[in-house]
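The values are calculated or read from the model by the stated rules, or taken from the named source; none is laboratory data. Given the structure is predicted, the values throughout are model-derived calculations rather than measurements. Cβ placement follows ideal geometry from the backbone for every residue including glycine, while neighbour counts extend to all protein chains displayed.
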Amino acid sequence: MLEVKGLTGGYDNKAVLDSVSFEVHKGELFGILGPNGSGKTTLLSMLSGVLDYKRGSIRIKGKDLQDYSAKQLARVIAVLPQHSSLAFSYTVKETVSLGRYAHQTGWFHSWSAEDEEIVQRVMKQTGVAEFQDLHFERLSGGERQRVLLAQALAQEPEVLFLDEPTNHLDLSYQKELLDLMRKMAKEQELTVISIFHDLNLAGLYCDRLLLLAKGEIQAIAAPNEVLQQDRIQEVYRTTIEKHPHPALPKPQMFIVPQKHGGDYDPFEINQSHLTVGREMIRLNAPHPLRTMSSGVTGSGMGWHRYFVNRHVHHDYDCDDHLAEMADYLKAHNIDPQETVGMMTAVFLDTAAFKLVKAEGFSVFIIVTAGVGNAIDASLADRHSWSSAPGTINTWIFVNGHLAEEAFIHSIVTATEAKVKALHDLQVLDKVTNTYATGTSTDSILVAATQRGTTLQYGGTITPLGKLISRGVYDCTAEAIRNSRKRNEAL
Amino acid sequence: MPNQSIRTFLTTKWTLAYLLALLFLLFAGTIGISFGSVSVPIPVLLQIIGKEIFHLPISADPDVMLTNIVMNIRLPRVLLAGLVGASLAIAGAAFQGLLRNPLADPYTLGISSGASVGAVVTLFLNISLPFIGLYTLPALSILCSVITIFCVLAFAKKMDRSMKVETIILTGIIFSSFLSAFISLMIALTGEELRQIIGWLMGSVSMRGWNYIGIILPFFIIGTLILIMNTRELNAMTFGEDRAKHLGVDVQRRKLSILIAGSILTGAAVAVSGTIGFVGLVIPHLVRRIWGPDHIHLLPLSLLVGSGFLILADLVARTIIAPSELPIGVITSLIGAPAFALILLKRRRVGRTDA
């Protein structure tokens, strides 16, 4: 659709672009990225025929750009400008109708029924039809942008150029615009070439990306390949982190703010943050902690400040325990969004906790354990499924900086320590009469302050693993003994 | 179908607009011919026009003196005023659209002064180019206006790449002052009778006769035709040159033809009537206020209204301190300069709320 070869040129004899070559295919959503001054806008001006270039060639549909007349070109390409000011106030419809200019020929340029139909269609598509009689200057930035998009679409282009299209748009319109672009690219084979400031939006929506720096192509490939942490850091000269999108196989880049004194001082989570009541065990962290957990609220990976282990009656059976838990937390003035919440039928005064220390870091562990429905995992298929409240809840607070893999190592290590504790206390699975490995609904939380010593691994013989195994083994054993004692006392 | 009714409404809106503008012009023309030191009653006027121009078999025999006044003095004068007003108004509308600038007009851009230089040089040095004879005056005026507008734009671009509205106006004023000084210098050197010269410079359509209509008419037709052919392009240009190009307008060519057509109209108008300021500013502004900025209609409507306006202005100029005559430029400036100030003030205010 579009072939660029050895494109060189710029303004006033100063070459902004230096032999840029690439191809864009029909129906592709193609993103152009680059830091300020990298030549993105210059490139777009050249591609859309507004700016002349010194050397190289641009071919659209196999024909050289310079061989197109202005009208012919406007029937093939359209541009959505970054900003637009108007000297006089036209109505929305008059503005959109100008998009038909290139299609109207002859002396009187009569307005045909087809023109009218197309204008109405694109106004509907972009959601501006309802204010078609309003004046352009009365509209908000986002609405103007959509009117200009309608104008560009009224040209019925095969290639659409966008210059930072999401600049003036709020979140929902950014998504709407880009969704529309994707839809038109896929369904109508519209070729969309867009400059992006936002790397993440570009990564989410584009089929391919071109990364420009100082007028040269740094990379041109699929988003995941272009958006490499090292490359982006180098091109944009800043610190960023790359993570996968939580819901899609797309890369996302995150900027990391510069650290200020005090912001990242290490702190220790210990007994002083813990309150054990009859109804709940609660730990309030002074700052959000990085968490990985299997709780009721706040499960998965996240950042949380509050940790609640709630006592419920052993017949607790709620259809929607998630909503019920959230309501419960709200009723106690705890924001469910910031909370990892768990439940247990165990009496909370049987909880065991312990702070274990090593060189440069420490781990604070809290366990509540009841073994009423202990199960041997190897023979689990003999049990029918039931979602009774978890009976061994393990919390591990690490006062250190954990790598992602260390979270997983820690869970594995903690589980192994728990199994060993159950074994040593000879907890049996009542159905199979073999040693139990846990209960049917155990929950675990690993939370880290992400300050201080960096801990890459958490396997059993690593410094972190050693603390976790020791602590979890001791606490689980103690909690089981406590709860047995309490049951005997009853 | 709702669209059908909207379109019918639009068609009616424009029909009504043209009808009103035409009626205004007709009214201005009629009272322009009728009123004066000797007034010609309208029925008599109709008889004269019918008889002398359309050669209708009218039995009544109007007074010979009145016939003479109408045919040799009033009618050419009104026609000339009408043509000059039309030229200036449509040129102003086109310049405003092209430069995205409601303050642009042949006068504020310095084009009128440029044309004056051409005319003054021709008149006072008594130049007559071979072959074109009578048309030496408008030809040199037009040439000077074309040169002026290109100089103004080139200079404005040098000052400020984005060619902000105020920059262009400022440049126009600089050129205007310079060219006026040049004219004064010439006048001083020729040592002719001052009042007559200044009268001409302030603009007048009196005692010009049919010759002058012959001078302006061909240029008026050419200039107007070129502009009318570019109305849709002017609409696109309102969004900026780059945007117009994206929409498929051959910007360089269209810009050139609009600038030249505007200069032809201005040059020819100045050649026959001297500098008459602000018509090109006030009229398009008024028309835009009433009927909107769509150049397809703005240009023809400005033409009609501008024509009627200048006929009335001329009527006022020659009757208000009768038997003396005011230069017509005084009247237009008296109305135009405050209007200019008002538009500027409004723009400033809009600019501030935007920021």
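Observations on the model:
- Filter pass, residue A:487 being closer than 30 Å to residue A:321 by Cβ, out of contact with any Phe, Trp or Tyr (no Cβ under 6 Å at 6 or more places or on another chain) and free of Cβ contacts under 8 Å to residues at least 24 places away in the same chain: yes
- Which listed residue, of A:246, A:223, A:251, A:266, is free of Cβ contacts under 8 Å to residues at least 24 places away in the same chain and not β-branched (Val, Ile, Thr): A:246
- Condition met for residue A:349 (under 13 Å from residue A:281 (Cα atoms), out of contact with any Ser or Thr (no Cβ under 9 Å at 6 or more places or on another chain) and not aromatic (Phe, Trp, Tyr)): yes
- Considering residues of segment A:68-94 that are aromatic (Phe, Trp, Tyr) and at the interface with another protein chain (Cβ under 9 Å from one of its Cβ atoms) only, the residue farthest from residue A:139 (Cα to Cα): A:88
- When A:97, A:84, A:110, A:89 are screened for being under 26 Å from residue B:96 (Cα atoms) and surrounded by fewer than 16 Cβ atoms within 10 Å (Cβ to Cβ), only A:110 passes.
- Against the test of being under 19 Å from residue A:368 (Cβ atoms), in contact (Cβ under 8 Å) with a residue 60 or more places away in the chain and in contact with an Asp or Glu (Cβ under 7 Å, 6 or more places away or on another chain), the options A:396, A:444, A:468, A:392 yield a single qualifying residue, A:392.
- Condition check for residue A:143: in a helix (DSSP H, G or I) and farther than 25 Å from residue A:197 by Cβ: no
- Residue-level check: of (1) modelled with pLDDT of 90 or more; (2) crowded, with 24+ Cβ neighbours inside 10 Å, residue B:205 misses just (1).
- Test for residue B:167: is it of a type outside the set (A, V, I, L, M), without any contact (Cβ under 8 Å) to a residue 60 or more places away in the chain and more than 15 Å from residue B:105 (Cβ to Cβ): yes
- Top-ranked residue of segment B:288-314 - restricted to ones that are closer than 13 Å to residue B:25 by Cβ and aliphatic (A, V, I, L, M), ranked as nearest to the other protein chains (Cβ to nearest Cβ): B:301
- Residue list for segment B:259-271, filter: buried (at least 24 other Cβ atoms within 10 Å of the Cβ) and among the β-branched types (Val, Ile, Thr): B:264, B:266, B:270
- Test result for residue A:279, out of contact with any helix residue (DSSP H, G or I) (no Cβ under 8 Å at 6 or more places or on another chain) and not hydrophobic (A, V, I, L, M, F, W, C): no
- Filtering A:398, A:356, A:340 for residues that are closer than 22 Å to residue A:267 by Cα and touching a His at 6+ places or on another chain (Cβ under 8 Å) leaves a single hit, A:340.
- Answer residue from segment A:1-34, given it is crowded, with 17+ Cβ neighbours inside 10 Å and not in a strand (DSSP E or B) and is modelled with the lowest pLDDT among those: A:1
- Any hit, segment B:263-281, residues being on the phi > 0 side of the Ramachandran plot, touching a Ser or Thr at 6+ places or on another chain (Cβ under 8 Å) and not charged (D, E, K, R): yes
- Residues satisfying the stated conditions in segment A:122-149, i.e. under 22 Å from residue B:246 (Cα atoms) and among the hydroxyl-bearing types (Ser, Thr, Tyr): A:126
- All conditions in (1) of a type in the set (A, V, I, L, M, F, W, C); (2) more than 8 Å from every other protein chain (Cβ to nearest Cβ); (3) within 39 Å of the chain's Cα centre (by Cα) hold for residue A:65, with the sole exception of (3).
- Test for residue A:279: is it surrounded by fewer than 19 Cβ atoms within 10 Å (Cβ to Cβ), touching a strand residue (DSSP E or B) at 6+ places or on another chain (Cβ under 8 Å) and charged (D, E, K, R): yes
- Note on segment B:291-311: among residues that are touching a residue at least 40 places away in the same chain (Cβ under 8 Å) and over 29 Å from residue B:144 (Cα atoms), the one that is surrounded by the fewest Cβ atoms within 10 Å (Cβ to Cβ) is B:297.
- Just one of the listed residues (B:168, B:197, B:187, B:228) is within 14 Å of chain A (Cβ to nearest Cβ) and modelled with pLDDT under 85, and it is B:168.
- In segment A:41-55, the residues that are more than 14 Å from every other protein chain (Cβ to nearest Cβ) and at pLDDT 90 or above: A:43
- For residue B:173: the one exception among (1) part of a helix (DSSP H, G or I); (2) under 22 Å from residue B:213 (Cα atoms); (3) among the β-branched types (Val, Ile, Thr): (2)
- Any hit, segment B:81-102, residues being of a type outside the set (Phe, Trp, Tyr), assigned to a loop (DSSP other than H, G, I, E, B) and more than 14 Å from every other protein chain (Cβ to nearest Cβ): no
- Residues that are modelled with pLDDT of 85 or more and among the aromatic types (Phe, Trp, Tyr) number at least 1 in the following helices (runs of 4 or more DSSP H) confined to segment B:1-75: B:2-34.
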